[in-house]
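Chemist: Sharing a structure with you now.
The values are calculated or read from the model by the stated rules, or taken from the named source; none is laboratory data. None of the values given here were measured: they were computed from a predicted structure. All Cβ positions, even for glycine, are placed from backbone atoms using ideal geometry, and neighbour counts span all protein chains on display. Heads up: the accessible areas ignore ligands, DNA and RNA and are worked out on the full protein's heavy atoms, side chains in. Shrake-Rupley method; radii C 1.70, N 1.55, O 1.52, S 1.80 Å.
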Amino acid sequence: MQTLETIRKRCSLKAHISKRGIEMEKINLILEAGRLAPSARNYQPWRFIVVQDRKVVERLVKAFSESNQVILDAPLILLICARAGDDVIKNGIEYYLFDVGLAVENIVLAATELGIVTHLMTAFDEEQVKQILHIPEDVRAVVATPLAYPLNASYDEAASERLSARTRKDIKELVHLNHWTEAEPA
Ligand SMILES: Cc1cc2nc3c(=O)[nH]c(=O)nc-3n(C[C@H](O)[C@H](O)[C@H](O)COP(=O)(O)O)c2cc1C
């Protein structure tokens, strides 16, 4: 089951990264994975900004409060934005950000499958980022990720070690059978 394997393999960047550029063909596949995500009423609120220009990256990094070296070293920073517009609101839930999350997951999984590491980041000043990248008023800058090859060729082989080190709630804490049980399931 390839998808599950890729989900298990994906993790936030835990390696030194190579400055080697990402091939255009792979960038396009990753963006295509985002483009094909489902969205409420097929609204497709996601917008992607591919930042490769070093001068822009050097300005952009100043808007980040952490992971600055990774931002500088990565050959490409992808910013995922959301256009709210007349998106679907059901039960008081604004679905455009949910939709963007689906596109983001497609993106990080596609990158993983192509041997490219990602690290989602929100530790940035949105207004500064919007100003630097000329993002319109009605568009939100939601999350950024570097896209980079790991420096060490054996990074991929160590995926199972990284998986076992991953902290996740036990499945029993997450799943309720037939109805919600007041106490969290033991
Ligand atoms: C929406 C979102 C925002 C995040 N922002 C940051 C961030 O600003 N800085 C950071 O170091 N990690 C950030 N992360 C990464 C999470 O901390 C990470 O996904 C989580 O700890 C699980 O680890 P894993 O991605 O290796 O499975 C973010 C993740 C998501 C989904």
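Chemist: Tell me, in nm to one decimal, what length is gained between residue 52 and residue 173 on full extension, where the rule is 0.36 nm per residue of separation less the Cα-Cα distance?
Modeler: Numbers: separation 121, 0.36 × 121 = 43.56 nm, distance 4.16 nm.
In short, 39.4 nm is gained.
Chemist: Something else: Taking H as built 1.01 Å from N, whose amide H comes closer than 5 Å to the amide H of residue 118, not counting residues under 5 places away?
Modeler: 11, 13
Chemist: I would also like to ask the following. Just by accessible area at a 1.4 angstrom probe, what is the order of 36, 4, 133, 78 from largest to smallest?
Modeler: Details: 36 110, 4 65, 133 30, 78 0 Å².
Per-residue accessible area, sorted high to low, gives 36, 4, 133, 78.
Chemist: With each pseudo-label sitting 7 Å past Cα toward Cβ, what's the residue 151-residue 73 distance in nm, one decimal?
Modeler: Between residue 151 and residue 73, the label points sit 0.5 nm apart.
Chemist: In straight Cα distance, which lysines are under 25 Å from residue 26, not counting same-chain residues fewer than 8 positions off?
Modeler: 9, 14, 55
Chemist: Let me ask another. Mean Kyte-Doolittle hydropathy of 0.5 or higher plus an axial Cα length of 18 Å or more: which whole DSSP H helices in the chain meet both? If you can, show how the numbers build up before the last one.
Modeler: Values: long enough: 95-113 (27 Å, 1.00).
Sorted by number, the helices that extend far enough and score high enough are 95-113.
Chemist: Expected output is a single nm value to one decimal: the length gained when fully extending between residue 32 and residue 20, i.e. 0.36 nm times separation in residues minus the C-alpha distance. What is it?
Modeler: On the way: separation 12, 0.36 × 12 = 4.32 nm, distance 2.16 nm.
Full extension from residue 32 to residue 20 adds 2.2 nm.
Chemist: Here's a follow-up. Which net charge results for the neighbourhood of residue 51, defined as the other residues with beta-carbon distances under 12 angstrom from its beta-carbon, given Lys and Arg at +1 and Asp and Glu at -1? Write out the running numbers ahead of the final one.
Modeler: Values: positive: 54, 55, 59; negative: 53, 58.
That sum, taken over residues with Cβ under 12 Å, equals +1.
Chemist: Taking the Cα centre as origin and putting +1 on Lys and Arg beta-carbons and -1 on Asp and Glu beta-carbons, what dipole magnitude results for the stretch 3-174, to the nearest 20 debye? Working shown, then result.
Modeler: Numbers: 23 positive and 24 negative charges, 50 e Å.
Dipole magnitude for the stretch 3-174 comes out near 240 debye.
Chemist: Would you please give the residues with an amide H less than 5 Å from that of residue 143, counting only those at least 5 places away or on a separate chain, with H modeled from the backbone geometry?
Modeler: Hits under the 5 Å cutoff: 80.
Chemist: Rounded to whole Å, give me the distance from the Cα center of the stretch 51-67 to that of the stretch 89-128.
Modeler: Taking the Cα centre of the stretch 89-128 as reference, the centre of the stretch 51-67 is 19 Å away.
Chemist: A further question on this structure: Less than 13 Å apart at the alpha-carbon level, and either on another chain or at least 8 residues along: which aspartates and glutamates does that give for residue 130?
Modeler: Residue 130 reaches 138.
Chemist: Tell me the carbon and sulfur percent of the accessible area for the stretch 1-147, rounded to whole percent, probe radius 1.4 Å. Walk me through the intermediate numbers first.
Modeler: Numbers: 4150 of 7990 Å².
On the stretch 1-147, the fraction of accessible area on carbon and sulfur atoms equals 52 percent.
Chemist: Once phi is turned into ³J(HN,Hα) by the Karplus curve 6.51 cos²θ - 1.76 cosθ + 1.60 with θ = phi - 60°, what whole-Hz value does each residue of the stretch 115-129 show in order, with x for glycine and proline?
Modeler: x, 10, 8, 9, 7, 5, 9, 10, 7, 9, 8, 4, 4, 5, 4
Chemist: Now, a different point. Based on DSSP H runs of at least 4 residues, each adding -39500 (n - 2.57), what is the mean residue ellipticity at 222 nm of the chain after dividing by all its residues, to the nearest 500 deg cm²/dmol? Working shown, then result.
Modeler: Working: 8 runs with 70 residues, N = 186.
Computed ellipticity for the chain at 222 nm equals -10500 deg cm²/dmol.
Chemist: Next question. If you roll a 1.4 Å probe over the heavy atoms of the protein chains, what accessible area per residue do you get for the stretch 3-174, in Å²? Before the final figure, lay out each step's value.
Modeler: Working: 9840 Å² over 172 residues.
Using a 1.4 Å probe on heavy atoms only, each residue of the stretch 3-174 averages 57 Å².
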